[in-house]
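What follows is a single structure, written as structure tokens, with notes after it.
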Amino acid sequence: MAWIVEDRLKAYQPARNEPYLTAKIKDEVSRKYFPRYPNKRAALLPLFHLIMHEYGYIAPQAIDEAATFLELTPSQVQDAVTFYEEFRLEKTGRYVVNVCRSISCELCGHQRVLEKMREIFGIEPGETTADDKITLLEVECLGACEQAPCALVNEDLHGRIKPAEFCSQLQQLPAAPGHSTTDDVR
Amino acid sequence: MAYAGPVLLKRIPDDPAQRKLYRYADYIATGGYASLKKVLAMLPEDVIKLVVDSGLRGRGGAGFPCGTKWTFLPKDLFPRYLAVNFDESEPGTFKDRYLIDHDPHILLEGIAIAAFANKISTSYIYIRGEYHHEAKLLEAALAEAYEHGIFGQKHPGTDIVSHCYVHRGAGAYICGEETGLLESLEGKRGWPRIKPPFPAVAGAFAKPTIINNVETLACLPAIVEHGAAWFKTMGTPSSSGPKLFGVSGHVNKPGVFEEELGIKMSTLIEKYAGGVKGGKYRAAIPGGVSMGVLGTDQYNAELDFDIGRKYNVLGLGTAGVIVMNDKTDLVVMLRNIVRFFAHESCGQCTPCREGTAWMHKILNRIVDGFGQPQDFDMLAELCLTMGAMPGTTICGLADGANWAVKTFLQKFPEDFKSRLKSRQVQGVAGAGVA
Ligand SMILES: Cc1cc2nc3c(=O)[nH]c(=O)nc-3n(C[C@H](O)[C@H](O)[C@H](O)COP(=O)(O)O)c2cc1C
Ligand code: SF4
Ligand code: FES
């Protein structure tokens with residue numbers, strides 16, 4: 001949340017010449033999202049969803065570029081972006097496994113999912129496997145409590161998880177580097 | 001009380017194998033959009049009156065009368081917005097997702113009805129970021145609705161074109177609070193606003209705005225079709241109509257079930273959710289973790305909007321019932337709930353930001369065996385300083401945390417006290433704070 005301060009040094013990255021906001025992204029926002037709202041600022045969330053979808057994380061440079069594009073100051077954009085947990089400022093593994101830790105999932109054994117992940121992949125929540133394939137995160141209720149324990153793998157919900165089966169499914173996913181979108185998981 | 005069969009779930013059979021997604025053509029074939037057609041021939045005032053008469057109360061948590069909320073819009077201020085609350089992040093709540101997974105058009109019809117009645121220009125469906133699948137379903141359903149003139153047309157008798165869009169959140173519970181939602185819709189951090197001004201006067205983009213939950217709007221087509229009197233035949237005098245109940249936790253058949261308001265929790269658990277799993281019933285949360293806990297002797301509590309007054313909980317909330325059996329460690333469960341609030345507090349108000357964080361620390365040390373004798377009273381005192389809306393905080397999150405902790409302490413004191421005592425006897429009280 002907003003008041004949990006991010007370490008800015010960790011987020012440091014050198015600038016690159018090629019813009020993060022590609023013509024394609026800008027075009028989609030201009031065509032599809034600007035007309036929906038009375039001002040440009042309101043397109044901030046849709047814009048960063050597109051950036052997340054494209055890169056899997058948000059580079060500091062993307063924040064500056066978005067500010068210019070939305071006619072805001074970089075601090076206004078930073079202020080909003082850092083508030084939302086789904087907008088990650090650090091690179092992750094190709095598959096982000098968001099295990100729900102809220103009450104119904106704890107009642108139904110979310111700990112066993114985490115233990116199995118630790119056993120098979122050797123990672124704790126917040127960590128990424130050495131081959132950059134899997135990042136494990138704990139999140140709050142995913143709104144799928146009838147399927148507890150559950151997890152969101154990138155954009156796909158996995159419910160009624162059997163820990164061993166779930167981990168072997170993850171092992172079978174292709175391991176090529178770089179971030180993925182939901183299409184790879186299907 | 002006479003429950004007239006599934007109303008909201010009429011297109012969703014009990015048998016999972018037979019469930020399917022209703023697209024536009026399927027929806028029309030099963031009587032869909034007939035209510036909208038009927039409404040467009042009515043006067044907007046008469047539609048509002050119908051909703052007032054039906055006694056429909058908000059399904060998003062607060063139970064505020066829907067029709068009354070609509071009458072708060074100032075007469076001549078335009079444009080007006082409708083924000084549909086599909087943030088659904090309260091632990092234990094998944095009813096809206098289940099409905100949209102199969103029947104997205106029931107929501108769109110409800111939105112179109114509300115938009116006509118209130119002369120709304122743009123309706124935004126604010127959906128939580130984690131609902132990727134549902135966002136795509138709604139986008140597809142909206143494309144169909146635009147194609148068939150449900151949206152993109154002028155409200156009859158006006159120059160106002162009715163639009164509807166999906167707006168995705170990005171992982172913040174507090175954006176379910178109505179003014180946090182509006183901030184998030186405007187592209188800012190989801191910090192709840194100080195009221196007044198109320199959203200009906202100055203909401204989204206400083207214009208008059210109505211905020212309604214998905215299920216509230218999904219009730220509208222049936223109310224139009226069958227009338228206010230019919231709607232009132234279900235439920236109790238103060239809580240009319242059908243309701244979606246989500247049941248999760250220690251039950252054999254967790255899921256979403258529809259019944260009339262006022263049914264007993266025991267009936268819901270035994271008749272619909274397959275009974276308690278792994279032991280006997282011990283405790284349950286009636287409607288999302290903000291509502292507090294029902295005790296072992298409150299198994300037969302009637303689930304309606306009067307539950308708060310009768311059973312010492314905050315209210316019905318989202319009607320997401322979380323069941324715990326007699327082998328559950330309630331201290332660990334309360335720690336889970338409080339960690340949720342500590343994590344999701346937006347940090348604007350000191351009592352909420354600090355109170356939830358400290359209660360989490362205290363519960364951590366109790367669970368770890370380092371609870372101190374005064375911790376029980378300390379938790380109770382922290383609750384008092386945080387909660388009791390209106391007063392110390394901007395929004396209701398702090399009060400939710402207050403009720404959760406307070407009711408656990410009141411209804412299950414021994415679970416906590418026994419842990420503190422045992423450490424005291426062993427003479428290690430005072431050991432480190434986490
Ligand atoms: C902290 C907090 C979180 C909330 N989360 C939600 C939510 O996820 N979904 C929802 O419909 N209402 C939520 N509400 C209630 C809304 O503020 C608002 O009362 C509701 O959307 C109004 O719609 P209704 O009158 O149709 O129920 C929340 C309230 C608070 C205080
Ligand atoms: S009560 Fe808590 S969540 Fe609500 S505005 Fe205040 S700090 Fe934020
Ligand atoms: S508690 Fe895990 S999905 Fe709701």
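All of the numbers you see were taken from the coordinates with simple rules; none came from a lab. As the structure is a computational prediction, the values presented were derived from the model and not from experiment. Note: ideal-geometry Cβ built from the backbone for every residue, glycine included; neighbour counts use all protein chains shown.
Do we find that B:Lys154 is more than 16 Å from ligand 3 (Cβ to nearest atom), more than 14 Å from every other protein chain (Cβ to nearest Cβ), closer than 30 Å to A:Val29 by Cβ and free of Cβ contacts under 8 Å to residues at least 12 places away in the same chain in this structure? Yes, satisfied.
Number of residues in segment B:158-214 that are away from chain A (no Cβ under 13 Å), under 22 Å from A:Gln76 (Cα atoms) and in contact with a strand residue (DSSP E or B) (Cβ under 6 Å, 6 or more places away or on another chain) equals 1. For segment A:99-120, the tally of residues that are touching an Asp or Glu at 6+ places or on another chain (Cβ under 9 Å) and away from ligand 3 (no atom under 14 Å from the Cβ) stands at 2. In summary, helices (runs of 4 or more DSSP H) completely within segment B:35-126 and bearing 2 or more residues that are within 16 Å of ligand 3 (Cβ to nearest atom) and crowded, with 24+ Cβ neighbours inside 10 Å occur at B:95-102.
Assess whether B:Ala145 counts as being away from ligand 2 (no atom under 16 Å from the Cβ) and in contact (Cβ under 8 Å) with a residue 60 or more places away in the chain. Against the criterion (away from ligand 2 (no atom under 16 Å from the Cβ) and in contact (Cβ under 8 Å) with a residue 60 or more places away in the chain), B:Ala145 qualifies. Inside segment B:65-100, residues that are within 11 Å of ligand 1 (Cβ to nearest atom), among the charged types (D, E, K, R) and more than 13 Å from every other protein chain (Cβ to nearest Cβ) make up a count of 1. Quick one: would you say A:Glu146 is among the charged types (D, E, K, R), within 14 Å of chain B (Cβ to nearest Cβ) and within 16 Å of ligand 1 (Cβ to nearest atom)? No; evaluated as a whole, the condition is false for this residue. The strands (runs of 3 or more DSSP E) found entirely in segment A:99-166 that carry 2 or more residues being closer than 18 Å to B:Gly92 by Cβ and either touching a residue at least 40 places away in the same chain (Cβ under 8 Å) or within 16 Å of ligand 2 (Cβ to nearest atom) (or both) are A:134-139, A:151-153. The single residue among B:Met378, B:Met359 that is within 16 Å of ligand 2 (Cβ to nearest atom) and away from chain A (no Cβ under 11 Å) turns out to be B:Met359. If I filter segment B:51-88 down to residues being in contact with an Asp or Glu (Cβ under 8 Å, 6 or more places away or on another chain) and not aliphatic (A, V, I, L, M), which single residue comes out as nearest to ligand 2 (Cβ to nearest atom)? Once the filter is applied, the top-ranked residue is B:Gly61. Within segment B:10-56, the set of residues being within 24 Å of B:Leu261 (Cα to Cα) and in contact with a helix residue (DSSP H, G or I) (Cβ under 7 Å, 6 or more places away or on another chain) comprises B:Arg11, B:Ile12, B:Ser35, B:Val47, B:Ile48, B:Leu50, B:Val51, B:Val52, B:Asp53, B:Ser54, B:Gly55, B:Leu56. Residue selection: B:Ala135 satisfies the criterion of being touching a residue at least 12 places away in the same chain (Cβ under 8 Å), within 16 Å of ligand 1 (Cβ to nearest atom) and assigned to a helix (DSSP H, G or I). For beta carbons closer than 9 Å, sequence separation of 6+ or different chains, a first residue in segment B:399-421 that is without any contact (Cβ under 8 Å) to a residue 60 or more places away in the chain and a second that is among the β-branched types (Val, Ile, Thr), the qualifying pairs are B:Asn402/B:Thr385; B:Leu420/B:Ile366.
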